[in-house]
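Right, one structure below, let's go through it.
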Amino acid sequence: MQTVVPAAGRGSRLRPITDDRPKALVEIRGRPLLAHVFEALSPVASEYIVIIGYLGEQIRDRFGSAYDGTPITYVEQPERAGLADAMRRTNSVVETDFVQLNGDNVLRGN
């Protein structure tokens, strides 16, 4: 199943940590927030569609074209215009039903 992960936010409440990196790359327990999200989605993910914006090239550089063998497609949201706008930008790549989980979540498994 395709998974959509909005990760375009700046994380202004996390400043100064996010002055030089996107919120999705802030580390929790030694790994970026986005890695936690990918791992939570991995049981159902056939593709990660990551919406990038603020310092998005850092996310591309960190994760490349796949995470643990699952392909990553990047969609850009050049200006912060909310979650609805970010999701609309995925229309050209989302093919059917999908799962969406924000890129700044930390989830704990059993």
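May I ask for the equivalent-ellipsoid semi-axes of the chain, computed as the square root of five times each C-alpha gyration tensor eigenvalue and listed largest first in whole Å? Each step should come with its number before you reach the end.
On the way: eigenvalues 79, 60, 29 Å².
Over the Cα atoms of the chain, the semi-axes work out to 20, 17, 12 Å.
Helix-only mean residue ellipticity at 222 nm, the chain, DSSP H runs n ≥ 4 weighted -39,500 (n - 2.57), per residue, nearest 500. What is it?
Working: 3 runs with 23 residues, N = 110.
Rounded to the nearest 500, it is -5500 deg cm²/dmol.
Please report the antiparallel percentage of the DSSP beta bridges confined to the range 18-110, to the nearest 5.
On the way: 4 of 9 bridges.
Counting only bridges with both partners in the range 18-110, antiparallel ones make up about 45 percent.
How many Å² of accessible area per residue for the chain, probe 1.4 Å? Intermediate values should be presented prior to the final figure.
Values: 6400 Å² over 110 residues.
I get 58 Å² per residue for the chain.
Considering only protein heavy atoms and a 1.4 Å probe, what is the carbon-and-sulfur percentage of the accessible area of the chain? Display every interim value, and only then the final one.
Working: 2880 of 6400 Å².
C and S fraction of accessible area: 45 percent.
How large is ³J(HN,Hα), in whole Hz, for each residue of the range 44-53 in order, when computed from phi with the Karplus curve 6.51 cos²θ - 1.76 cosθ + 1.60 and θ = phi - 60°, using x for Gly and Pro?
10, 7, 9, 6, 9, 10, 9, 8, 10, x
May I ask for the net charge around Gly82, where only other residues with Cβ less than 12 Å from the Cβ of Gly82 are counted and Lys, Arg are +1 while Asp, Glu are -1?
Details: positive: Arg80, Arg88, Arg89; negative: Glu79, Asp85.
Its environment carries a net charge of +1.
The values are calculated or read from the model by the stated rules, or taken from the named source; none is laboratory data. Just so we're clear, the structure is a prediction, and the values are computed from it rather than from any experiment. Neighbour counts are summed over all protein chains in view; Cβ atoms, including those assigned to glycine, are modelled from backbone coordinates with ideal geometry. To get the accessible areas, we keep the full protein, side chains included, count just its heavy atoms, and leave off ligands, DNA and RNA. Shrake-Rupley method; radii C 1.70, N 1.55, O 1.52, S 1.80 Å.
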